[in-house]
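**Q** Here it is, the structure in full.
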Amino acid sequence: DAKTTQPPSMDCAEGRAANLPCNHSTISGNEYVYWYRQIHSQGPQYIIHGLKNNETNEMASLIITEDRKSSTLILPHATLRDTAVYYCIVRSSNFNKFYFGSGTKLNVKP
Amino acid sequence: GAGVSQSPRYKVAKRGQDVALRCDPISGHVSLFWYQQALGQGPEFLTYFQNEAQLDKSGLPSDRFFAERPEGSVSTLKIQRTQQEDSAVYLCASSPRAAWLAGTTDTQYFGPGTRLTVL
């Protein structure tokens, strides 16, 4: 029961902003959206999360639409080290589970 | 401090063998999660522990899968009579507080995973 849909891959030029979209049209009112990334052969790494307000931290910004059916992760100045698979995740309302999708493979090119 | 560690990093088993995968969470973390990640797919939830209590095992794919955390720290995921479809990376994650208490505040810290290959 996939809860998120993401494009399988995206390219981005080094130094430019990377905008990664995610659809989560069946999200419930009290479910949060999380973003993690996974670099090859490593475990997923937390990036950011939000409920309905836009969020920003030192790594990225998260823009959530007003109807909460989609969101966009923004890496403001992508570097080669940002090449990874980015997962948009809906967290269950009892907080026990993360529902990962298939992720977006972001290729940052020089 | 040390992060989440898992051992072994790689395991090759013959079909029908039993395997045991170990997870050492961050010291003091209450919550522990196991995920299964098939090749090219995102991780899928298997089970959740709050201290030694297994509160959610809804993701375990069959009764061949068993997890325990007897003293509320180290956890072991055991797979009996392994099948080829069990081949995957098994990820462990921990977080500081109980899930219901922490709500969305605590994030999950993942280990590097154990890659299981069943021949």
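Each value in this text was obtained by applying a stated rule to the coordinates, not by laboratory testing. Not measured: the values here are computed from a predicted model. Here the Cβ positions follow ideal geometry from the backbone for every residue, glycine too, while neighbour counts run over all protein chains shown.
**Q** Looking at A:Asn94, A:Asn19 in this structure, which one is touching a helix residue (DSSP H, G or I) at 6+ places or on another chain (Cβ under 8 Å) and among the polar types (S, T, N, Q)? Lay out the reasoning, then the answer.
**A** Values: A:Asn19 fails: touching a helix residue (DSSP H, G or I) at 6+ places or on another chain (Cβ under 8 Å).
Matching residue, one of A:Asn94, A:Asn19: A:Asn94.
**Q** Oh, and also: So which residues in the range A:66-110 are crowded, with 16+ Cβ neighbours inside 10 Å, of a type in the set (D, E, K, R) and assigned to a strand (DSSP E or B)?
**A** A:Arg91, A:Lys105 - these are the residues of the range A:66-110 that are crowded, with 16+ Cβ neighbours inside 10 Å, of a type in the set (D, E, K, R) and assigned to a strand (DSSP E or B).
**Q** Follow-up. Can you tell me which residue within the range A:46-65, out of those that are without any contact (Cβ under 8 Å) to a residue 24 or more places away in the chain and in a strand (DSSP E or B), is nearest to A:Ala78 (Cα to Cα)?
**A** A:Ser61
**Q** Quickly run through the range B:61-86 and pick out the residues that are buried (at least 19 other Cβ atoms within 10 Å of the Cβ) and either among the charged types (D, E, K, R) or in contact with a Ser or Thr (Cβ under 6 Å, 6 or more places away or on another chain) (or both).
**A** Listed by number, the residues that qualify are B:Ala67, B:Arg69, B:Asp86.
**Q** Counting residues that are more than 14 Å from chain A (Cβ to nearest Cβ) and aromatic (Phe, Trp, Tyr), which strands (runs of 3 or more DSSP E) fully inside the range B:13-119 reach at least 2?
**A** The strands (runs of 3 or more DSSP E) meeting that bar are B:65-68.
**Q** Filter the range A:19-34 down to the residues that are touching a Phe, Trp or Tyr at 6+ places or on another chain (Cβ under 8 Å) and within 11 Å of chain B (Cβ to nearest Cβ) and list them by number.
**A** Matches in the range A:19-34: A:Tyr34 only.
**Q** Kindly establish whether A:Asn54 is surrounded by fewer than 20 Cβ atoms within 10 Å (Cβ to Cβ), farther than 27 Å from B:Val4 by Cα, in contact with a Ser or Thr (Cβ under 6 Å, 6 or more places away or on another chain) and not acidic (Asp, Glu).
**A** Criteria not met by A:Asn54.
**Q** For the range A:83-90, check the following and say yes or no: at least one residue is more than 11 Å from chain B (Cβ to nearest Cβ) and farther than 20 Å from B:Tyr109 by Cβ. Let's see the steps before the verdict.
**A** Going residue by residue through the range A:83-90, those that are more than 11 Å from chain B (Cβ to nearest Cβ) are A:83-84, A:90.
Okay, now just the ones that are also farther than 20 Å from B:Tyr109 by Cβ, so A:83.
Yes, the conditions are met somewhere in the range A:83-90.
**Q** Can you report the number of residues in the range B:90-119 which are among the hydrophobic types (A, V, I, L, M, F, W, C) and surrounded by 21 or more Cβ atoms within 10 Å (Cβ to Cβ)?
**A** 6
**Q** Which of the following residues is loosely packed, with under 14 Cβ neighbours inside 10 Å and under 22 Å from B:Leu46 (Cβ atoms): A:Ser41, A:Ser9?
**A** Unique residue meeting the criteria: A:Ser41.
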